[in-house]
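Below is one structure, written out as structure tokens; comments come after it.
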Amino acid sequence: MPPSRPPCAERLFGRTGWLAGAVAVAAVCASAYGAQDAPFRRGDVLPAWTAGTLDIHQIVTGRGNAAFMMFPDGTTLLLDAGDAGDTEYDRLRASDADQRPDASRTPAQWIARYIRRMTGEAAPRLDYAVITHFHPDHMGIITGSEPLTAHGTYRLRGLTEVDEEIPIARLMDRGWPDYQYLPPPGDDAMFTNYRRFVSERTATGALTMIGAQAGSTDQITQVRRPDPKLPFEVRVVAVNDRVWTGRGSETKVRFPALASIQVREDWPNENLCSVALRIRYGRFDYFTGGDIAGYPVPGAPAWHDVETDVARAIGRTDVHVVNHHGSIEEENPFWLATLRSRVMILPAWAATHPSADVLKRMLSRRVYPEPRDVFVTLFRDATKASIGARAAQVASDHGHVVVRVEPGGFRYWVLVLDDTTESYRVTSVHGPYAAE
Ligand SMILES: [Zn+2]
């Protein structure tokens, strides 16, 4: 696949100075696309992270979400470690492989191996992990047959299984410390196991918990070799019933008081409460928000659209992870037109990801006119067949999606990696994109 086109001169330089801008862009393009000068080539192993670079990897396992990040100072973060297990979607398995790279290891084992490889460290550690919300495809289901930890009484799957291999120093979730706002049911084996993990790991001092606070920028920071001059920030944009307003660290309450909601079905659900983060490096903006929704089903309260408030807070965003795997209640037109993302990453693992309507909105030049590239981590054959010709308009239909932001945050690349083996070879190169 040829590299994506660079932004036009007018976007980079505005109307004044367009001639000088055009000349400059032509020079940049000539050097960027010259064969000898291209920093990435299809078929090569992904070059290692270097200091000053921001790497964000959306990892494919075929069983749920996982994103691994290396901040400019080398701080590491894992966002979700899903393992939904065998679900109804397995029946839709066609010729395509169900798990990635294959079913010989668990999703958590593949994730840990990926992290070990990318850090290049024999004994890597995760400075942070974040669980966006308490669902199996984001933290790992527990059925009762999983092995027990060597450190206590909890079982290993998803997040807990990653921690057993690569210790997590700090863990952010939406409930710590009291887990009082919309906790999962008490008989939920996965959540019970998670609470046991949290209490046992914090008791030994191995783990520090962080209860996500909307609006904050001091809960996730660079902790390895922080350089205060680097323009880098991680902001919690939304969690539970709170959303950042975009002004200072101000937040507002976005859901009615639970007791005032007459119909139990209308209560906010686990997905709507997801921890949502905006990562900013110089001019570069990235959003990832778990399974938040923005296109309520008919009859649902209007406040079930949480994308609109988040869009108002964050505004234009270079790269965003598509909400809730691109299911039917996500990516509303206001959200898409406000973020105007050049790159969208769709973390798909089931045959319902994405829905045909959502993909149509995402690709629509009437929703916003600028070009955009959509990367789907695992586009199942059954899904493509039901969507039809539009399914072929994505930039990539399988593979780990790596966003590599150059030092300073002015430009970034998207590199798709082979997900069928552990070769870590680049299967397509997209960019450079100018951060807006
Ligand atoms: Zn999910």
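Side notes on the structure shown:
- Within the range 60-106, if we keep just the residues that are among the polar types (S, T, N, Q) and at pLDDT 95 or above, the residue that is nearest to the chain's Cα centre (by Cα) turns out to be Asn65.
- The range 387-401, residues that are in a helix (DSSP H, G or I) and surrounded by 13 or more Cβ atoms within 10 Å (Cβ to Cβ): Ile387, Arg390, Ala391, Gln393
- When the range 158-182 is filtered for residues that are open to solvent by less than 30 Å² (accessible area, probe 1.4 Å) and either assigned to a loop (DSSP other than H, G, I, E, B) or charged (D, E, K, R) (or both), the ones remaining, listed by number, are Gly158, Glu161, Asp163, Ile166, Asp173, Arg174, Gly175, Tyr179, Leu182.
- Within the range 326-371, being touching a strand residue (DSSP E or B) at 6+ places or on another chain (Cβ under 9 Å) and surrounded by fewer than 20 Cβ atoms within 10 Å (Cβ to Cβ) holds for one residue alone: Leu363.
- Those residues of the range 114-157 which are of a type in the set (S, T, N, Q) and either closer than 24 Å to Asp291 by Cβ or open to solvent by 70 Å² or more (accessible area, probe 1.4 Å) (or both), in sequence order: Thr132, Thr143, Ser145, Thr153
- Tally of residues being part of a helix (DSSP H, G or I) and either modelled with pLDDT under 95 or not β-branched (Val, Ile, Thr) (or both) across the range 107-149: 14
- Spans of strands (runs of 3 or more DSSP E) in the range 271-351 with at least 1 residues within 15 Å of the ligand (Cβ to nearest atom) and hydrophobic (A, V, I, L, M, F, W, C): 276-281, 319-321, 343-346
- Evaluated against (1) surrounded by 21 or more Cβ atoms within 10 Å (Cβ to Cβ); (2) on the phi > 0 side of the Ramachandran plot, Gly315 falls short on exactly one condition, (1).
- Residue list for the range 242-294, filter: under 21 Å from Val358 (Cβ atoms), open to solvent by 20 Å² or more (accessible area, probe 1.4 Å) and in contact with a helix residue (DSSP H, G or I) (Cβ under 8 Å, 6 or more places away or on another chain): Asn271
- A search for C-beta distances below 9 Å between a residue of the range 123-147 that is more than 12 Å from the ligand (Cβ to nearest atom) and aromatic (Phe, Trp, Tyr) and any residue that is open to solvent by 10 Å² or more (accessible area, probe 1.4 Å) and assigned to a loop (DSSP other than H, G, I, E, B), counting only pairs 6+ apart in sequence or on different chains, returns Tyr128/Val223.
- Filter pass, Ile261 being over 30 Å from Trp413 (Cα atoms) and away from the ligand (no atom under 16 Å from the Cβ): yes
- Filtering the range 204-242 to residues that are more than 18 Å from Pro183 (Cα to Cα) and not in a loop (DSSP other than H, G, I, E, B) leaves Thr208, Phe232, Glu233, Val234, Arg235, Val236, Val237.
The values are calculated or read from the model by the stated rules, or taken from the named source; none is laboratory data. Predicted, not measured: the structure shown is a model, and the values here were computed from it. Ideal geometry is used to build each Cβ from the backbone, glycine not excepted, and the neighbour counts take in all protein chains shown. Surface accessibility is based on the protein's heavy atoms, side chains included, excluding ligands, DNA and RNA. Shrake-Rupley method; radii C 1.70, N 1.55, O 1.52, S 1.80 Å.
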